[in-house]
Amino acid sequence: QVQLVESGGGLVQAGGSLRLSCEASGRTFSSVPMGWFRQAPGKEREFVAFSWSGSTGYYAGSVKGRFTISRDNAKNTVYLQMNSLKPEDTAVYYCAARGPGGFYYDVTSYNAWGQGTQVTVST
């Protein structure tokens, strides 16, 4: 089982940027597909971005063109670069390791989760 620890959240003004990090341990990281999700107060957890093991990313429509997922397999770390942030991006952000089967945008396809990191975007 992989263990995940996120960092990098915080308070930023609209239009600003943040980079989230997620460090993994316990499995061969380079072979683990990884995703980012977020959950705003009163809402369900939603898909943000996904990476197999390489450089190609898949994104929710609401963040495409603003967010970039990347990974450094040597550091067992996946990143989420968030630019042009909007107040509606405010949420707790989670990284997750995908299990076998399912769809990359489906929260039930993931079998390991980090503790989450708060991102707050002010107007």
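The values are calculated or read from the model by the stated rules, or taken from the named source; none is laboratory data. What you see is a predicted model; the values in this text were computed from it and never measured. Keep in mind that these areas ignore ligands, DNA and RNA; they rest on the heavy atoms of the full protein, side chains included. Shrake-Rupley method; radii C 1.70, N 1.55, O 1.52, S 1.80 Å.
Tabulated data
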{"item": "Candidate aspartates and glutamates for bridging to K75, where Cα separation is under 19 Å - those fewer than 8 sequence places away on the same chain excluded", "result": "E6, E23"}
{"item": "Whole-percent carbon and sulfur share, accessible surface of region 1-102, 1.4 Å", "result": "47 percent"}
{"item": "The chain - percent relative contact order, Cα under 8 Å, separation 6 or more", "result": "35 percent"}
{"item": "GNM top mover of A74, A14, A24 - the chain, alpha-carbon springs below 10 Å", "result": "A74"}
{"item": "Per-residue ³J(HN,Hα) for region 62-77, Karplus 6.51 cos²θ - 1.76 cosθ + 1.60, θ = phi - 60°, Hz, x for Gly and Pro", "result": "6, 10, 4, x, 10, 10, 9, 9, 8, 8, 10, 5, 5, 9, 6, 10"}
{"item": "Candidate lysines for bridging to K86, where Cα separation is under 22 Å - those fewer than 8 sequence places away on the same chain excluded", "result": "K43, K64"}
{"item": "Prolate/oblate/rounded call for region 44-123, Cα gyration tensor, a/c under 1.5 rounded", "result": "prolate"}
{"item": "Counting DSSP beta bridges with both ends in region 10-123, the antiparallel % (nearest 5)", "result": "90 percent"}
{"item": "Using θ = phi - 60° and Karplus 6.51 cos²θ - 1.76 cosθ + 1.60, couplings along region 38-44 (whole Hz; Gly, Pro as x)", "result": "9, 9, 8, x, x, 10, 6"}
{"item": "For the chain, built as a Gaussian network whose Cα springs stay under 10 Å, the top-fluctuating residue of S55, S109, S25", "result": "S55"}
